[in-house]
1. With +1 on each Lys and Arg Cβ and -1 on each Asp and Glu Cβ, and nothing else charged, work out how big the dipole of the range 40-115 is about its Cα centre, in Debye to the nearest 20.
2. Are there trypsin sites (Lys or Arg not before Pro) in the range 43-115 that DSSP puts in a loop and that have at most 16 other Cβ atoms within 10 Å, and which ones?
3. Calculated FRET efficiency, THR40 and TRP91, Cβ-Cβ r, R0 41 Å, to nearest 0.05?
4. Can you pull out the GluC sites (Glu not before Pro) in the range 61-115 that DSSP calls coil and that have at most 15 other Cβ atoms within 10 Å?
5. Report the gain in length on full extension from THR81 to GLU62: 0.36 nm times residue separation, minus Cα-Cα distance, nm rounded to one decimal.
Amino acid sequence: MSTTTSSSTTHRTRRQPASKQRRQTGPAIPVPYVTAELHTTKIQLPKVPGLPSGKDLASAVETVRGQLPSRDQMLFYGGLTAAAAFSVIEWPVAAAIGIGNALVQRSVHREISEA
């Protein structure tokens, strides 16, 4: 048993013998007084009749991706959110800027697709 002293408190810790230490199965993140372990498991899902196939899921994913903003727009919205979160601008102003930008982008996209 080892004893450590810090200011007015005394902490006693016991070291486990090498034979009783737990075997780590994943990466360990050492944190003072706590060790976080990350465990991963692969699960094979059974094939169930009636569920959509891989092609149907890929089609759905492409449809959703088509509705998402572009990378540049996401960076703009992220910066706008960060500015509001750190009180650089007030959140109603950030919301108005974001909504206005989304409406302008939508109208530009419609004009391009109609032409």
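Readers should treat all values here as calculations from the given coordinates under stated rules, not as data from a laboratory. The structure presented is a predicted model; accordingly, all values stated were derived computationally and were not measured. Heads up, the Cβs are rebuilt from the backbone with ideal geometry, glycines too, and the neighbour counts pull from every protein chain shown.
1. Working: 7 positive and 6 negative charges, 83 e Å.
Roughly 400 debye for the range 40-115.
2. Passing both the DSSP loop test and the Cβ count: LYS47.
3. On the way: r = 38 Å, r/R0 = 0.92.
According to the calculation, E is roughly 0.60.
4. Numbers: sites: GLU62, GLU90, GLU111, GLU114; in loops: GLU90.
In loop regions of the range 61-115 (DSSP not H, G, I, E or B), the sparsely surrounded GluC sites (Glu not before Pro) are GLU90.
5. Working it through step by step, the gained length comes to 4.2 nm.
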